[in-house]
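A.B. asks: First the structure, then my questions, so here it is.
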Amino acid sequence: MAYDLTPLFLTLKLATMTTLVLLVVGIPLSYWLGFSSSRWKYFIEALVSMPLVLPPTVIGFYLLVALGPRSPLGGWIEQVFDIRLVFSFTGLVIGSVLFSLPFMVNPVKAGFQNIPQAMVDACDTLGKSRLVSLFKVFLPNIRPSLLTGIVMSFAHTVGEFGVVLMIGGNIPNQTQVASIAIFTEVEALNYGAANFYSLVMFAVSFIILFALYWANRNSARSFL
């Protein structure tokens, strides 16, 4: 029996785009949290980590309210840019970025915090700018942490359900990712299709995590 592969392709597309956005957003934020002594640091850390403790439906609900066409922000974006954020793939990306943010920021921040102070002082002594130090010195030295952030963000997005259902709904070929497709097939008692999607998700998640642990193990050996 042939199964619809669109939910799997949408899932991979969503996970890839989310991870790329998180790299752009997460690295500067992690860098600031790792080195800053601002009093706002702990407030931002708590805010970033909220998705770890909040039910996904809570985040999805507030995103639905904030980005809906009747909200000031959502209505303005739809009127000016003709972009509808709720029940769209764009909305899925926004929701996934917010929900997976701690999975990128926390490991990368820990990597920055573990950089020896002597290395930081050496960069300052040599007159290197913060930007040059970040890309030429710090990021190469936190490769395991960066890889962990990338892989965990991707894998977490692959397995999302509550947030994507709340903000994206269940629209075939648009927002019906694999996790939603499994739920839909089970509701329709199509256990064969649900099993197919579940097996693919299981295999992809295992391969991703195995590759992460293998890469970090080899990376740790290279530093010895």
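The values are calculated or read from the model by the stated rules, or taken from the named source; none is laboratory data. Being a predicted model, the structure only gives us computed values, none of them experimental. So basically every Cβ, Gly included, is an ideal-geometry build from the backbone, and we count neighbours across all protein chains shown.
A.B. asks: Regarding the range 106-127, can at least one residue be identified that is within 29 Å of G168 (Cα to Cα) and either among the aromatic types (F, W, Y) or not in a helix (DSSP H, G or I) (or both)?
C.D. replies: Within the range 106-127 (the criterion being within 29 Å of G168 (Cα to Cα) and either among the aromatic types (F, W, Y) or not in a helix (DSSP H, G or I) (or both)), the answer is no, since none of the residues qualifies.
A.B. asks: Please list, ordered by first then second residue, the pairs with beta carbon atoms under 9 Å, 6 or more apart or interchain, first in the range 211-223 and at pLDDT below 60, second assigned to a helix (DSSP H, G or I) and surrounded by 10 or more Cβ atoms within 10 Å (Cβ to Cβ).
C.D. replies: Matching pairs, first to second residue: A220/P144; F223/P144.
A.B. asks: Next up: Would you mind stating whether G95 is among the small types (G, A, S) and part of a loop (DSSP other than H, G, I, E, B)?
C.D. replies: no
A.B. asks: Okay, next question. Would you pick out the residues in the range 164-200 that are under 21 Å from A15 (Cα atoms) and among the aromatic types (F, W, Y)?
C.D. replies: F183, F196, Y197 - these are the residues of the range 164-200 that are under 21 Å from A15 (Cα atoms) and among the aromatic types (F, W, Y).
A.B. asks: Right, next: Collect the residues in the range 1-47 that are in contact with a Gly (Cβ under 7 Å, 6 or more places away or on another chain) and surrounded by fewer than 16 Cβ atoms within 10 Å (Cβ to Cβ), keeping them in residue-number order.
C.D. replies: Scanning the range 1-47 gives a single hit, M1.
A.B. asks: Right, something else. Kindly provide the set of residues from the range 48-81 that are touching a residue at least 60 places away in the same chain (Cβ under 8 Å) and either assigned to a helix (DSSP H, G or I) or surrounded by 13 or more Cβ atoms within 10 Å (Cβ to Cβ) (or both), ordered by number.
C.D. replies: P56, T57, I59, G60, F61, L63, L64, L67
A.B. asks: Same structure again: Taking the range 99-131 as the region of interest, how many residues are within 18 Å of the chain's Cα centre (by Cα) and buried (at least 19 other Cβ atoms within 10 Å of the Cβ)?
C.D. replies: Going through the range 99-131 one residue at a time, the tally reaches 12.
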